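All of the numbers you see were taken from the coordinates with simple rules; none came from a lab. Note that the coordinates shown come from a computational prediction; the quantities given were computed from them, not determined experimentally. Note: ideal-geometry Cβ built from the backbone for every residue, glycine included; neighbour counts use all protein chains shown.
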Amino acid sequence: MRRVEWFGDGMFSEIYTERLLKFAAFTKYFCKNSYASLPTYKDAIYQALELAGERCEKSFPKAGNKEEELKLMLDWAHSGFLPSGPEGFTPTPPTSTKNPKVDSSDSALSDYQPPAKRKSVCRGRPSNGIQSYSRGKRQW
């Protein structure tokens, strides 16, 4: 189990790593309907492709607006992430053997596990949502 942060909304989930899909399968799982109708999905696609571009050392010309830049990113993704292809997503090995603890890749950041969220429990209220406001007899 790993905690992952979702692009777009920044929420965290615990999922099995065996169920994660390779980013190279982007075109197979890209949903045009969600892209057209859900702004959060569109933001998530933008953030994911922006990070993929950084890892592949792919630069996109600054377009007039975010929509144009996103179109260029989608064209790049649908064409197979050329010129490096999916192999460009793998982290580069460290160049310096002087200090093995210092690594310029972001693999150390990807292993970061944020603290588990705690469920908020209100102990003074009933859990079914119905509250009784009747006064009982007081004993003095």
Quick check on the range 31-55: of everything there that is more than 15 Å from the chain's Cα centre (by Cα) and of a type in the set (A, V, I, L, M, F, W, C), which residue is farthest from Gly80 (Cα to Cα)?
Leu38
Could you look through the range 1-19, keep only residues that are among the hydrophobic types (A, V, I, L, M, F, W, C) and assigned to a strand (DSSP E or B), and pick out the one that is surrounded by the fewest Cβ atoms within 10 Å (Cβ to Cβ)?
Ile15
Checking Gly53 against (1) without any contact (Cβ under 8 Å) to a residue 24 or more places away in the chain; (2) surrounded by fewer than 15 Cβ atoms within 10 Å (Cβ to Cβ): exactly one of these is not met. Which one?
(2)
